[in-house]
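I have placed the structure first, in the form of structure tokens, so that the comments after it can refer back to it.
What follows draws every value from the coordinates through simple rules; no lab data is involved. The model shown is predicted, which means the values in this text are computed figures rather than measured ones. Neighbour counts run over all protein chains shown; Cβ positions are idealised from the backbone, glycine included.
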Amino acid sequence: MTLLEHLQQEPIWLQIWINWLVLVNLGGIVFVWSRVEPRWVVIAFLCSATFMNYLFGIHGYQRILGSAHIIFWTPLLVYLVLRRNEIGRYGVSALYLGVVFATDLISLMIDFADVGRFFINGPQ
């Protein structure tokens, strides 16, 4: 089975969450010509998706896949925090980047727990 086929077998709430992650992170395409931060959001998302597919090829559908988000989204969120003064508080792009930050932060909390369980308990 492919990674996508595995994801399609997950509960509907998880499929909705995954679709939200894709929508939010690729939503930066709307702003890439006007701001630098959304460019990094899209780049980090594409890199994490590519690395996740690579990990899937090695490990299969395991909790270790969350490390792709950890590797690329942790630096992205640090970057967004450091750029908060330049981003500002108002405007559509600032709202978008706030949604990205919150969404990816929630995902990272789940990913850190999953990857930790992978290393503690081994593949399941």
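With 10 angstrom as the radius, rank 114, 104 by how many other C-beta atoms surround their C-beta, starting from the fewest.
114, 104
Which trypsin sites (Lys or Arg not before Pro) in the stretch 1-96 sit in a loop by DSSP (not H, G, I, E or B) and have at most 11 other Cβ atoms within 10 Å of their own Cβ?
89
Provide the descending list of Cα extents for the stretch 61-124 along its principal axes, expressed in whole angstroms.
45, 17, 14
Can you tell me, using C-alpha contacts under 8 Å and at least 6 residues apart, the relative contact order of the chain as a whole percent?
Computed value for the chain: 27 percent relative contact order.
How far is helix 37-59 tilted off the main Cα axis of the chain, in degrees rounded to 10, range 0 to 90?
The helix 37-59 is inclined about 10 degrees to the chain.
Residue by residue, what Karplus-based ³J(HN,Hα) values in Hz, rounded to whole numbers, does the stretch 71-85 have, using 6.51, -1.76 and 1.60 with θ = phi - 60° and x for Gly and Pro?
Running phi through 6.51 cos²θ - 1.76 cosθ + 1.60 with θ = phi - 60° gives 5, 9, 8, 4, x, 4, 5, 4, 4, 5, 5, 5, 9, 4, 5 Hz.
So how tilted is helix 92-121 from the main axis of the chain? Cα-based, degrees 0 to 90, rounded to 10.
Taking the Cα atoms of the chain, the angle to 92-121 is about 20 degrees.
How far is helix 12-26 tilted, in degrees, relative to the longest principal axis of the Cα atoms in the chain, given as a value from 0 to 90 rounded to the nearest 10?
Around 40 degrees separate the two axes.
What length, rounded to one decimal in nm, is gained on full extension from residue 106 through to residue 23, with 0.36 nm per residue of separation minus their alpha-carbon distance?
Gain in length upon complete extension: 28.4 nm.
If R₀ is 30 angstrom, what is the calculated FRET efficiency for the pair residue 62 and residue 84, using the beta carbon separation as r and rounding to 0.05?
0.30
Based on Cβ point charges of +1 for Lys and Arg and -1 for Asp and Glu, what charge dipole magnitude is obtained for the stretch 32-115 about its Cα centre, in debye rounded to the nearest 20?
It works out to roughly 220 debye.
Just the ratio, please: alpha-carbon radius of gyration of the chain over 2.2 N^0.38 Å, N its number of residues.
So the Cα radius of gyration is 1.10 times the expected 2.2 N^0.38 Å.
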